[in-house]
């Protein structure tokens, strides 16, 4: 069966399997060599130096490009390196339109680049069409979208923003970390570039830091690959090997995690100690219809406002036993984070307030544990909150 006819589940599980011509290894080998011999004087082989190219890293890149439906992927050392690489076409004076409620590390990177004069940034609520149109009218060079947003799970209509960005002549970049290509494929919806922190769902085991950029256009992908080599942010072969191992189980993992997340969201939504739940799978979520139209599932991430603010959150996390208090997300284990003091601590208070990130907000990454144990853990912890 030709690769273009294979379903995404098959690509994730089998791309590169059984292709070793040296010894017939079923699993693609790990190539750790930093350098490669030339065939002869002035005649390099396919690989010469690992910063520029590595067979293991290229295998992961090829798999991610196929999963996203892109022409080329570039695998780099972290999700932040991937985002920075995707924005590397920007020049001093160029305008970047970014989401006002993005991940705290993203907000920090963009703010610091702007402060150094590398480009200008407008943080905009991209669900507000008038605000987005006004920002684009200023001559935006790049539009960056994060959907679902981190941590408030706001949904941006990718097709709509793609059309607006194209009309404005802007490059359109989508951070797809929260869903992965298992649940959303932004390139098919009109994006030019997709960014991933492969640390999260793509690897899925909380043991590798990595990132990737997938380009719809091969020429743009080649340009980004050349720049990644120039500045030295390409990912390590061993990290690529581990990440590819994680990709093999992406679809069954995220399917089970999404089911658990839906159960957790429904439970929290009905609990009196929870003021509000942010999960696009709930019909009450303002982005539910758009999420249903552009995603193939609602994912394993959600956030909730705990009544009683920061002290209530302190009691909650202190009583949890199955959920671990930790940053990051997308692993097989369930995690809970307090954005104000953890993932979004780098944002100034005014920016957090504009984004709606308050003291009572917690973000949950739901793992593969038994649903009953997850709900029992939350019920026990919320009882502790109520008891004071």
Inset, instruction - Identify all residues within region 319-356 that are buried (at least 23 other Cβ atoms within 10 Å of the Cβ) and over 24 Å from residue 260 (Cβ atoms); write none if there are none. - result: 344, 347, 355
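Going by the structure shown, is residue 173 in contact with a helix residue (DSSP H, G or I) (Cβ under 6 Å, 6 or more places away or on another chain), in contact (Cβ under 8 Å) with a residue 24 or more places away in the chain, assigned by TED's automatic domain parsing to the domain that holds residue 59 and within 25 Å of residue 55 (Cβ to Cβ)?
It is false that residue 173 is in contact with a helix residue (DSSP H, G or I) (Cβ under 6 Å, 6 or more places away or on another chain), in contact (Cβ under 8 Å) with a residue 24 or more places away in the chain, assigned by TED's automatic domain parsing to the domain that holds residue 59 and within 25 Å of residue 55 (Cβ to Cβ).
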Inset, instruction - Report yes if some residue within region 35-49 is over 18 Å from residue 223 (Cα atoms) and in contact (Cβ under 8 Å) with a residue 60 or more places away in the chain; otherwise report no. - result: no
Inset, instruction - Please enumerate the residues belonging to region 250-271 that are touching a residue at least 24 places away in the same chain (Cβ under 8 Å) and either more than 29 Å from residue 11 (Cβ to Cβ) or in contact with a helix residue (DSSP H, G or I) (Cβ under 8 Å, 6 or more places away or on another chain) (or both). - result: 250, 251, 259, 260, 263, 264, 265, 267, 268, 271
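Considering each residue of region 91-114, count those that are part of a loop (DSSP other than H, G, I, E, B) and surrounded by fewer than 19 Cβ atoms within 10 Å (Cβ to Cβ), and give that number. Walk me through it before giving the result.
Let us first name the residues in region 91-114 that are part of a loop (DSSP other than H, G, I, E, B), namely 91-94, 100-103.
Right, trim to surrounded by fewer than 19 Cβ atoms within 10 Å (Cβ to Cβ) and you get 91-94.
Final tally of qualifying residues: 4.
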Legend entry - Evaluation of residue 209 against (1) under 14 Å from the mean Cα position of the chain (by Cα); (2) crowded, with 20+ Cβ neighbours inside 10 Å (one fails), failing number: (2)
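I'd like to know if region 138-157 contains one or more residues that are without any contact (Cβ under 8 Å) to a residue 24 or more places away in the chain, under 25 Å from residue 92 (Cβ atoms) and either in the same structural domain as residue 306 (by TED's automatic domain parsing) or in a loop (DSSP other than H, G, I, E, B) (or both).
no
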Inset, instruction - Could you please find all residues in region 294-318 being assigned to a loop (DSSP other than H, G, I, E, B) and surrounded by fewer than 19 Cβ atoms within 10 Å (Cβ to Cβ)? - result: 296, 307, 308
Inset, instruction - Please specify each residue of region 15-53 satisfying the condition of being in contact with a strand residue (DSSP E or B) (Cβ under 8 Å, 6 or more places away or on another chain) and assigned to a loop (DSSP other than H, G, I, E, B). - result: 34, 36, 48, 50, 51, 52
Inset, instruction - Only one of these is within 17 Å of the chain's Cα centre (by Cα) and at pLDDT 95 or above: 116, 108. Name it. - result: 108
Inset, instruction - Sort out which residues of region 115-151 are farther than 17 Å from residue 173 by Cα and surrounded by fewer than 20 Cβ atoms within 10 Å (Cβ to Cβ), and write them in order of number. - result: 115, 116, 117, 118, 128, 129, 130, 131, 134, 137, 138
Legend entry - Filter result (touching a helix residue (DSSP H, G or I) at 6+ places or on another chain (Cβ under 7 Å) and either over 17 Å from residue 229 (Cβ atoms) or surrounded by fewer than 16 Cβ atoms within 10 Å (Cβ to Cβ) (or both)) within region 52-87: 52, 59, 63, 66, 67, 68, 69, 70, 71, 80, 83
Inset, instruction - Among the candidates 58, 20, 48, single out the residue that is closer than 30 Å to residue 190 by Cβ and assigned by TED's automatic domain parsing to the domain that holds residue 214. - result: 58
Inset, instruction - Please name all residue pairs, on different chains or six or more residues apart, with Cβ atoms under 6 Å, provided the first residue is in region 57-77 and is at positive phi and the second residue is part of a helix (DSSP H, G or I) and modelled with pLDDT of 95 or more. - result: 69/187; 69/188
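The values are calculated or read from the model by the stated rules, or taken from the named source; none is laboratory data. As the structure is a computational prediction, the values presented were derived from the model and not from experiment. Note: ideal-geometry Cβ built from the backbone for every residue, glycine included; neighbour counts use all protein chains shown.
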